[in-house]
Structures are given as C-alpha cells and as structure tokens.
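Below: the structure, in structure tokens.
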Amino acid sequence: MTYTLQAVENSAEKASLIRRLRTGALIVIFASVLCGLLAWNEPHPVAVALAVLVGGAGILAIDIALAYRAVVRRSKG
C-alpha cells in the first residue's frame, strides 16, 4: 500500500495537510533560532539550535505522516 498525495481526493484535506506542514516547519525553525539565541552563552549555541532543528523536524515528519495516513484511510472509506 503506497501513500501518495494523489490518494487524497479532497482538496480541502490536501490544503489542510500542506498548511499543517508549513505551520509546523515555521514553528520548528523559530524554535531552533530561539534556542540558539538563548544558548548564546553556551560553548556551542549552533549545536543546540541544530539539535532542536533536527528533533523538531523528526517530530514534524512523524506528525505529518500520521495525519496523512489517517486522511488516506478516511478517503478510501
């Protein structure tokens, strides 16, 4: 069973998934920049920002994958 965006027939659900991805990406980027700035006095503030960025991207990927899978299953009936 493959999950492609073509399997989602409802354009409102596609728009919702894209909006969710865009919002999540902005939150992850903002959080990583903020954590890098807050950790500026630490020895490696860029490492802190990258750790938050990678962790946030992983969580976002899992969230989008689960939401997408639910939409595909719902669209198939």
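What number comes out for accessible area per residue over the chain if the probe is 1.4 Å? Units Å², please.
Per-residue value: 74 Å².
How much of the accessible area of the chain, probe 1.4 Å, is carbon plus sulfur, in whole percent?
68
For the chain, just run the numbers: alpha carbon Rg, then divide by 2.2 N^0.38 Å, N being how many residues it has.
1.42
The values are calculated or read from the model by the stated rules, or taken from the named source; none is laboratory data. For clarity, every value in this text was computed on a predicted model and none was experimentally measured. Accessible surface is based on the protein model in full, side chains and every heavy atom, while ligands, DNA and RNA are left aside. Shrake-Rupley method; radii C 1.70, N 1.55, O 1.52, S 1.80 Å.
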